[in-house]
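Undergrad: What follows is a single structure, and I will ask about it in a moment.
The values are calculated or read from the model by the stated rules, or taken from the named source; none is laboratory data. Note that the structure is a prediction, hence the values are computed from the model and not measured. Don't worry about glycine lacking a Cβ; one is built from the backbone with ideal geometry, like all the others, and counts go over all protein chains shown.
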Amino acid sequence: MINKNRDSKFVIYQVLYIFVITVLALKGADLDLRRVALEEDTVQKEVRDSLMAVLDSLYALGIDFSIKIDPNVVVENEQMREQLAALNKKLETLKDFVPPPKEDEIKKEEIVEEQTLLQSPISAKQTYIQHTWNIARNTGTVPANIYDPRNMNNPIAVVPAGQEKKFDLTDQTEVIIKFGSQEERIKVLPNKAPEIKIERVTTKMNSADIYVKDLQRITAFKVTIIDQRPDQLKVTYAGPISVSGPTKDSNGNLIYNVSLKIASTESAFDSWLDKNGNLRESDGRYKVNFFFTAVDEKSKDRVQVGDSFFFTEFSN
């Protein structure tokens, strides 16, 4: 008896399966089986009659096999589509978003920046010159030692962090800056020789008659001596001249004012002519020379430049 009931159920389920597949093929997802059975124009009459017979027999056995679909499924799908659309919009706005660095990354960047500063405690832009004093400014956080590459045992200077140090160089072509376990080489520039410029600042020597008395009362020449370290120059001059100075211009150059100095009286001038008559030029003017000499006492560079006074007589 039990086996017979099982066989009956098996047949019923097989018929039900075939029926559901047929309905899905004909009607789609609308699975109201009663409505399918009553719609005459949906299937052929023979199929309808056979299906109705099967339905009647199944319902007679008290079996309710109607398939119900949650009417909210479509709504839920629409809501899902709306949510997906909203997410897509958010993705569009976030595709170019760069997340802020993590705290660990920020700390690493700070450490790298500190290391970069440590690599240049003394700027390579500072100028170092041979055979003179120099100043090193340490803008770092560790002391810096300055060495001659030929002697790495004894530093030329030790510059504390945040301070500056004055030191002398001789013939070094470069120095080595050591800080911690790192080092850096900086070139040392040659010490240029002094430059002397002499400029005539009067027009009195352009006349046919040029008087000694006038040239002794005015500044006839301005002498400018240019040097990177004028304080270590020894300046001398020679000739029948009177010199005032030095003063310094806005660039730190040495300025000298030069006047003629031959005789204070006419009789003294006549005596001068007796001794220096050979200084008369072919045009009748007398010519006397003067010279300025500048010597760098450390580099031993020496420069000499001269010019000339012209005159005809003592006074008018």
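Undergrad: Would you mind stating whether Lys192 is out of contact with any Ser or Thr (no Cβ under 8 Å at 6 or more places or on another chain) and under 30 Å from Gly306 (Cβ atoms)?
TA: Here the answer is yes, as Lys192 does meet what is asked.
Undergrad: Just to check your reading of the model, which residue among Asp227, Asp231 is under 29 Å from Ile129 (Cα atoms) and in contact (Cβ under 8 Å) with a residue 40 or more places away in the chain?
TA: Asp227
Undergrad: Considering only residues that are under 21 Å from Ala208 (Cβ atoms) and either surrounded by fewer than 16 Cβ atoms within 10 Å (Cβ to Cβ) or not assigned by TED's automatic domain parsing to the domain that holds Lys204 (or both), which ones fall in the range 277-307?
TA: Gly277, Leu279, Arg280, Glu281, Ser282, Asp283, Gly284, Lys287
Undergrad: Same structure, new question: Out of the residues in the range 137-164 meeting the condition of being hydrophobic (A, V, I, L, M, F, W, C), under 11 Å from Lys178 (Cα atoms) and part of a loop (DSSP other than H, G, I, E, B), tell me which one is modelled with the highest pLDDT.
TA: Among them, the one singled out is Met152.
Undergrad: Conditions: (1) in contact (Cβ under 8 Å) with a residue 12 or more places away in the chain; (2) in a helix (DSSP H, G or I); (3) of a type in the set (Lys, Arg). Lys275 meets all but one. Number of the miss?
TA: Tallying (1) in contact (Cβ under 8 Å) with a residue 12 or more places away in the chain; (2) in a helix (DSSP H, G or I); (3) of a type in the set (Lys, Arg), Lys275 fails exactly one: (1).
Undergrad: Please report, ordered by residue number, the strands (runs of 3 or more DSSP E) entirely within the range 182-259 with at least 1 residues that are touching a helix residue (DSSP H, G or I) at 6+ places or on another chain (Cβ under 9 Å).
TA: Filter on the range 182-259 gives 182-187, 241-248.
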